[in-house]
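Quick notes on the structure that follows.
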Amino acid sequence: MALVHKFLSSAYIFRKCLKPSVSSCPFLGNRFADYCSSSLQKPVAAPGKTSSQRNTEGDLQGHHQREVALDITSPEEKPEVSFDKAIKDEIKNHCRRLKDDIVNYCIGPEGRPLHEVLLEQAKVVWQFRGKEDLDKWMVTSDKTIGGRSEVFLKMGKNNQSALLYGTLSSEAPKDGESGHSGYCAMISRIPRGPFERKRSYDWSQFNTLYLRVRGDGRPWMVNIRQDTDIIQRKDQMYSYFMFTRGGPYWQEVKIPFSKFFFSNQGRIRDAQYQLLLDKISSVGFTLADKVDGPFFLEIDFIGVFADPAHTEEFAYENSPELNPRLFK
């Protein structure tokens, strides 16, 4: 009980000391009492300073609110995403493209009069003058099967050509399945029409592939694929060699379509077939010369033209034993 009484009395004394006065502390004087009372109260500013301080605080708060309003978008201002509207816009776009194709078909091939197309002797199919031209192509290498080759495609100097470069490595992937590796390729994308329909190039009035390239002396393989979904498979193509000279000078390469040989999965077939020029889907370039190291190939344009001096229809022979369908 003595301890409780002592604790209560000490608390009472401490509470009384929070507001000292002269009567409770006669030996300290008036100044000490005023100091204690002023230190325990909130500071009161002068009337003039109070209004200016309130204005400053209001300005700061308003500025802070404006910054927050700029950084955080209110829910009412968020853009609305409508899938129905996106689908309708896409359908309208494809219908518009389909209408243009019908109009062009009525006018003539590719929207040009027929007599102009028949009199055309040369045609540039691909040229590289900007990024949109690079988007029509894709690159691939043996990295898809675990190899170490790298290939890149970018615009050349002054945006007047396409530069295909990289590093070739013939090291086989360590997966226990692939025994060979070392290839890099550049392939054109299949053209698409309205509603993502496949298109094909009609080169039936031309007989020669025409390229303007500049390389480093390596041999390349030029590949052409046909758009025949029933007969032709994706691993079947027509190929021919292209030898680059190296050096700083451009070279013009002309390859007759009659020289392209038929291959399947990289192997030349005994039975050879003629290339159908009215069903061309894509063109590609492949490097696989088993020489490790850097490479480059610069391409100015790829086109076709009709060479009146070339009269050969097919450069390879067939026999009834190899291809009996041609001799029925």
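The values are calculated or read from the model by the stated rules, or taken from the named source; none is laboratory data. Bear in mind the structure is a predicted one, so any value in this text is a computation, not a measurement. Please note: Cβ atoms are built from the backbone with ideal geometry, for glycine as well, and neighbour counts cover all protein chains shown. What goes into the accessible areas is simple: the full protein's heavy atoms, side chains included, and nothing from ligands, DNA or RNA. Shrake-Rupley method; radii C 1.70, N 1.55, O 1.52, S 1.80 Å.
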Two-site label geometry, Phe261 and Lys123: point separation in nm, points 7 Å out along Cα→Cβ
2.9 nm
Largest first, how would Met138, Met242, Met221 line up by accessible area (1.4 Å probe)?
Met138, Met221, Met242
Using a 1.4 angstrom probe on the protein heavy atoms only, could you order Ile299, Ile187, Ile107, Ile145 from most to least accessible area?
Ile107, Ile145, Ile187, Ile299
nm² value of the averaged projected area, convex hull over the Cα atoms of the range 106-202:
9.6 nm²
His180, His310, His94, reordered so the largest accessible area comes first (probe 1.4 Å):
His180, His310, His94
Estimated distance in nm for a label pair at Ile87 and Arg199, the labels positioned 7 Å out from Cα along Cα-to-Cβ:
2.7 nm
